[in-house]
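The structure under discussion appears below in the form of structure tokens.
The values are calculated or read from the model by the stated rules, or taken from the named source; none is laboratory data. It should be emphasised that the depicted structure is a prediction, and the values quoted were computed from it without experimental measurement. Glycine also receives a Cβ, built like all others from the backbone with ideal geometry; neighbour counts cover every protein chain displayed. Surface areas here come from the heavy atoms of the whole protein model, side chains and all, with no ligands, DNA or RNA. Shrake-Rupley method; radii C 1.70, N 1.55, O 1.52, S 1.80 Å.
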Protein chains: 2
Amino acid sequence: MIRKPKYHPPASGQNLRIIPLGGCEEVGRNMTVFEYGKDILIMDMGIQFPEEDMPGVDYVIPNAEYLRGKEKNIRGVIFSHGHLDHIGAAHILLEKIGNPLIIGRPLTIEMIKRRQEEARRGSSKKLKIVYIKDVKDRINLGSFSVSFFPIDHSFMDAVGTILQTPSATIIHPGDWTIERGPVGRKEIEYNHLSKLKKPTILMLESLGAVNKEMPITEEQMLKNLHGLISSAPGRIIIATFSSQLQRIKQILEYAQKIGKRVAFDGYSMKLNVEIVKELGYIKPMKDTIIPIERIHDYPENKIIVICTGGQGEEMSVLPRIVTGNHRFIKIKKTDTVVFSSSIIPGNERAIQRLKDNLYRLSDNVFHGEIMDVHISGHSNIYDIEKIIKQIKPDYFIPVYANHFMLKEAAKIAYKAGIKKERVFVPDNGSIIEVTRGGVRMFKAGVPTNYIFVDGLGVGDVGQVVLRDRQMLANDGMFVIVTIIDRQTGKVRGSPDIISRGFVYLRESKDLLAQTRRKVIDIVDKAAGSGGAINWVYIKDEIRNKIGDFLHSKTQRRPMVLPVVIEV
Amino acid sequence: MIRKPKYHPPASGQNLRIIPLGGCEEVGRNMTVFEYGKDILIMDMGIQFPEEDMPGVDYVIPNAEYLRGKEKNIRGVIFSHGHLDHIGAAHILLEKIGNPLIIGRPLTIEMIKRRQEEARRGSSKKLKIVYIKDVKDRINLGSFSVSFFPIDHSFMDAVGTILQTPSATIIHPGDWTIERGPVGRKEIEYNHLSKLKKPTILMLESLGAVNKEMPITEEQMLKNLHGLISSAPGRIIIATFSSQLQRIKQILEYAQKIGKRVAFDGYSMKLNVEIVKELGYIKPMKDTIIPIERIHDYPENKIIVICTGGQGEEMSVLPRIVTGNHRFIKIKKTDTVVFSSSIIPGNERAIQRLKDNLYRLSDNVFHGEIMDVHISGHSNIYDIEKIIKQIKPDYFIPVYANHFMLKEAAKIAYKAGIKKERVFVPDNGSIIEVTRGGVRMFKAGVPTNYIFVDGLGVGDVGQVVLRDRQMLANDGMFVIVTIIDRQTGKVRGSPDIISRGFVYLRESKDLLAQTRRKVIDIVDKAAGSGGAINWVYIKDEIRNKIGDFLHSKTQRRPMVLPVVIEV
């Protein structure tokens, strides 16, 4: 951990402060605080998926410690879109900060409500909601005047946000890309944002800062997908993210056109399709959508299955189909399987295994490596340069990506003409202060350490528990229960050994017998001499000496836990 | 696991059998058996790096069970090159199969010897070695006539192998690529292999089967690297694989030319440089190579450090430099850091973290995403098509890659004109039989299950131990020690609880107190009624009921281990 100097806010208080609580070091748990005078506005409350060194952790949420005691100043929380790295922590954090107003587009809000209901039934009724019904809506929240602008991202209702304050105007697209050759709408451009009240600050999601790949047009991608769908010799199974509702809509429309049926599977997939149907974003299409249990009522070449599991998640639909654990589908040679999703970092191997198993079952497997059947929702380096040149911001703050990507985005900004002293690369917890005199950044002391969610526990699993889990995972554990006779100071009977994850006990009888003898020796030496028995010393001796003994025999270091009982 | 039908070898025995023992499902643990009549020849003995569901495992080796009882028939083991996925299991397996002759180029053999010495001092003296001194060498081993051909790969002494038998001629490049614009030598072509005795079988490493990227030329890559080296404002630190000796040699030569000094760091890096110096592959260059501890004797812009750690491996050099744990180097803003290596699957996140931390310390970090400073040692789809068209084999067997890549390589072969019935995609343990009548493949019963190496144990960690480790990693463990009075059937005192990796105990006193009370209740109910006490039943009750109780309170499932002691 890097020690950060303490930040002292200026006396007047009538300045704008921008504090990213998450999203500026690793990817995920996006959350930013904007403070003008006493008014606080928040953007996004996302989760981060656990890293390899966080075994058993469900997810990580932003640390909202900074907001404690300031609840009454919070004017609202704006959600840029409904992906989990932007809304996933809302059901935990909103309540913690006193259920302030939430602001978002209908689909985004609906996603938040569903997640809230899953956590605690009925709790979504407590939400105070302002819907962004039209992208031209304008909302005043304390010192903030909030308006919006259209952006492209792999979520139907994603929206960019403009926060106007007396100090500056902030432009924040949220997650974004520039879709090439979009179907049924125009390519988005951002020149109009260059005319906002100065000074303007562009806070830019920068996941594309090292991406040089040129995506194909949406038109071409759909053409590829349509080609696969229309020419599939049998069923076609398309695995995609349940939040890819635009793509799902496009597939539905095409299916209707060519007279194929679509069945959805996967809890979140079915739920999300329900939501967009209810919102009217997708027409009902009674004849086209069929329940998954009815796919056998139709000829195989009339069937499209859209499901979850493209990331290889163990209990999701596609992996269950592949392992033969799906109620209605077993893969046949004639099935076509399409991965219409990108690879989320960390899932590489699970996806590779899934592909291996699929290739054993089907001769028609398609994925991004062999055909363009997906377009990422994130920009590339050319898009970043383009948006900066179109918006011409006075200040540039890259956010929502790994630190090294933020630094690379800064380099793109320099190239696009922004002066070095007007570019700020924040860490989580940095304070960017905007005053009349200009903008300054303090890598200051707002707490942003990990808050782990594991089961029902929020924040109770910490570094100690994780370190133990890692140790247990590597070499297992070894409990030694020793009963010592109070009178004689001798071991009664033979010490009990309980070990898991260390060696296969049935094949290690010699090792266990030797260990028992060693324990008896240790206790005899330490306690047998008469006088008061030092239990702490005996335990330490067992832990250290048996640890070393087991290591010498196996080169493994299980966690040795001595239990000494006096009778 | 897929059940495989049993294979019955033909009566005559005078046929060629090819059996991949590893390398045909996941990447790594490459090893292939060739059998003609009674003569056995082996190629490669590699390791596979552990997957996420193999915690604590050091590596996986091929299962050599098939060779048991056949030791006297083994005529030799050919090693295609010295990367660990081709030689890493030699120090374990060679001894197991009776130390047969080993055949390889000098650098490859030297790597095997070093690894053998590290495992058991003096043991490399037992190796029976035939050096391939010249690529034109020809060796007769039983029914096999063995010759070689030059190939390009990211290992100095990599070589392709031709095995001629009365049934067929096998062409096996090992790992390979087609280097574009190689510096100091010609681009390799394979037309000459089309003239070998028919029928020919091409066994082709197919890691490039889904790779459409066109690599830059070696010339261009070196130009980039030279540019960075010559223009570095301060020191330049280059992280690469310790086996990238060709690259290291090129950097050394350039350093000498422009008068910079090179210091090596990292155990394997220093060792390998020593080896190639001894073999004469690199000239000594006394003035150019300096010990790492002397880098402060020279101006910073005269210093090049070549080190390990580009994969983010915790204890390797570059991560130690970044965390401030290196004895001689701390990163400064003016240092230039170059990752001249590709990302090994599974290391994505560790590398990302390392990059994040480096970008905090230096303004000059370069890696593949922003500049071409590395060329992969593996081919792409165009190379695969090219080599097939040049060699024009009668049969094609893709190997040494994930199953889905082998299938994609098969598709490339069809496109290149090989008939479908002459392409065989094997699994580990498949038997490919070559008779006068043609080639057949049996997905047959040669055992190929994982052999895990963990510390000193080879094969003693199995699925049971791994499952336990995973469980322990996810939710930790919970040992309950209960002392029961034989006379009364009541619990004596309060049960002892030892838990790790589950909850932070200091903050869970309530939960522990409730658990203790529950244990006492369970024992009272089960044992307190008088009569003989059923210990198994009591333990089961504690395990199940406390497991459920903890789950209801935390939604976690630690491993509950009851210890019941009668006094």
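Quick notes on this structure:
- Test: B:Gly181 is outside any strand (DSSP E or B) and free of Cβ contacts under 8 Å to residues at least 60 places away in the same chain: yes
- Single match in B:Glu369, B:Glu421, B:Glu408 (criterion: more than 19 Å from B:Leu21 (Cβ to Cβ), of a type in the set (Asp, Glu), within 14 Å of another protein chain (Cβ to nearest Cβ) and not in a loop (DSSP other than H, G, I, E, B)): B:Glu408
- Leading residue by the ranking (nearest to the other protein chains (Cβ to nearest Cβ)) among those in the stretch A:518-567 that are in a loop (DSSP other than H, G, I, E, B) and crowded, with 17+ Cβ neighbours inside 10 Å: A:Arg556
- Residues that are in the same structural domain as B:Ala239 (by TED's automatic domain parsing), without any contact (Cβ under 8 Å) to a residue 40 or more places away in the chain and under 21 Å from A:Lys212 (Cβ atoms) are absent from the stretch B:319-339 altogether.
- Filtered residues of the stretch B:460-473 (kept if open to solvent by 40 Å² or more (accessible area, probe 1.4 Å) and either among the aliphatic types (A, V, I, L, M) or at pLDDT below 90 (or both)): B:Asp460, B:Val464, B:Met471
- Members of the stretch B:103-128 that are open to solvent by 50 Å² or more (accessible area, probe 1.4 Å) and in a strand (DSSP E or B): B:Lys128
- Neighbours by Cβ (under 8 Å, 6+ apart or cross-chain): first from the stretch B:498-516, within 13 Å of another protein chain (Cβ to nearest Cβ); second open to solvent by 60 Å² or more (accessible area, probe 1.4 Å) and among the basic types (Lys, Arg): B:Leu511/B:Lys553
For (1) over 23 Å from B:Gly160 (Cβ atoms); (2) out of contact with any Asp or Glu (no Cβ under 9 Å at 6 or more places or on another chain); (3) aliphatic (A, V, I, L, M); (4) modelled with pLDDT of 95 or more, each residue gets a yes or a no:
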position: B:Pro5; (1), (2), (3), (4): yes, yes, no, no
position: B:Pro9; (1), (2), (3), (4): yes, no, no, no
position: B:Ile18; (1), (2), (3), (4): no, no, yes, yes
position: B:Asn30; (1), (2), (3), (4): no, no, no, yes
position: B:Leu41; (1), (2), (3), (4): no, no, yes, yes
position: B:Gly46; (1), (2), (3), (4): no, no, no, yes
position: B:Phe49; (1), (2), (3), (4): yes, no, no, no
position: B:Glu52; (1), (2), (3), (4): yes, no, no, no
position: B:Ile61; (1), (2), (3), (4): yes, yes, yes, yes
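- Residues satisfying the stated conditions in the stretch A:365-376, i.e. open to solvent by 10 Å² or more (accessible area, probe 1.4 Å) and under 25 Å from the mean Cα position of the chain (by Cα): A:Gly368, A:Glu369, A:Asp372, A:His374, A:Ile375, A:Ser376
- Residues being out of contact with any strand residue (DSSP E or B) (no Cβ under 6 Å at 6 or more places or on another chain) and either over 18 Å from A:Ile201 (Cβ atoms) or not charged (D, E, K, R) (or both) are represented in the stretch A:416-423 by at least one member.
- Some residue of the stretch A:443-453 being basic (Lys, Arg), out of contact with any strand residue (DSSP E or B) (no Cβ under 9 Å at 6 or more places or on another chain) and either more than 8 Å from chain B (Cβ to nearest Cβ) or open to solvent by less than 20 Å² (accessible area, probe 1.4 Å) (or both): no
- Those residues of the stretch B:225-253 which are open to solvent by 30 Å² or more (accessible area, probe 1.4 Å) and more than 17 Å from B:Asp335 (Cα to Cα), in sequence order: B:Phe241, B:Gln246, B:Lys249, B:Glu253
- Condition check for B:Ile306: open to solvent by less than 20 Å² (accessible area, probe 1.4 Å), outside any helix (DSSP H, G or I) and hydrophobic (A, V, I, L, M, F, W, C): yes
- Cβ-Cβ under 8 Å pairs, at least 6 apart or on other chains, the stretch A:386-404 side more than 14 Å from chain B (Cβ to nearest Cβ), far side basic (Lys, Arg): A:Asp394/A:Lys198; A:Asp394/A:Arg422; A:Tyr395/A:Arg422; A:Phe396/A:Arg422
- Residue list for the stretch A:335-353, filter: at pLDDT below 95 and touching a helix residue (DSSP H, G or I) at 6+ places or on another chain (Cβ under 7 Å): A:Ser340, A:Ile343, A:Pro345, A:Gly346, A:Glu348
- In the stretch A:474-497, residue nearest to A:Val567 (Cα to Cα) [restricted to those that are open to solvent by 10 Å² or more (accessible area, probe 1.4 Å) and at the interface with another protein chain (Cβ under 7 Å from one of its Cβ atoms)]: A:Ile483
- For the stretch A:55-72, the set of residues classified as in contact with a helix residue (DSSP H, G or I) (Cβ under 9 Å, 6 or more places away or on another chain) and farther than 26 Å from A:Asp175 by Cα consists of A:Pro55, A:Gly56, A:Arg68, A:Glu71, listed by residue number.
- Scanning the stretch A:140-156 for residues that are closer than 15 Å to A:His172 by Cβ and not in a strand (DSSP E or B) yields A:Ile151, A:His153.
- B:Gly438 vs. criteria more than 26 Å from A:Gln470 (Cα to Cα) and under 39 Å from the mean Cα position of the chain (by Cα): yes
- Flag for B:Gly69 being exposed (fewer than 14 other Cβ atoms within 10 Å of the Cβ), at pLDDT 95 or above and under 19 Å from B:Met31 (Cβ atoms): yes
- Unique residue being among the β-branched types (Val, Ile, Thr), under 30 Å from A:Ile343 (Cα atoms) and open to solvent by 40 Å² or more (accessible area, probe 1.4 Å) when the list is B:Ile343, B:Ile397, B:Ile381: B:Ile343
- Hits in the stretch B:400-431 - residues which are closer than 23 Å to B:Ile40 by Cβ, under 21 Å from the mean Cα position of the chain (by Cα) and open to solvent by less than 10 Å² (accessible area, probe 1.4 Å): B:Tyr400, B:Pro426, B:Asn428, B:Gly429
- Contacts under 7 angstrom Cβ, first residue in the stretch B:458-473 being more than 8 Å from chain A (Cβ to nearest Cβ), partner in a helix (DSSP H, G or I) and not polar (S, T, N, Q), 6 or more apart: B:Val458/B:Ile92
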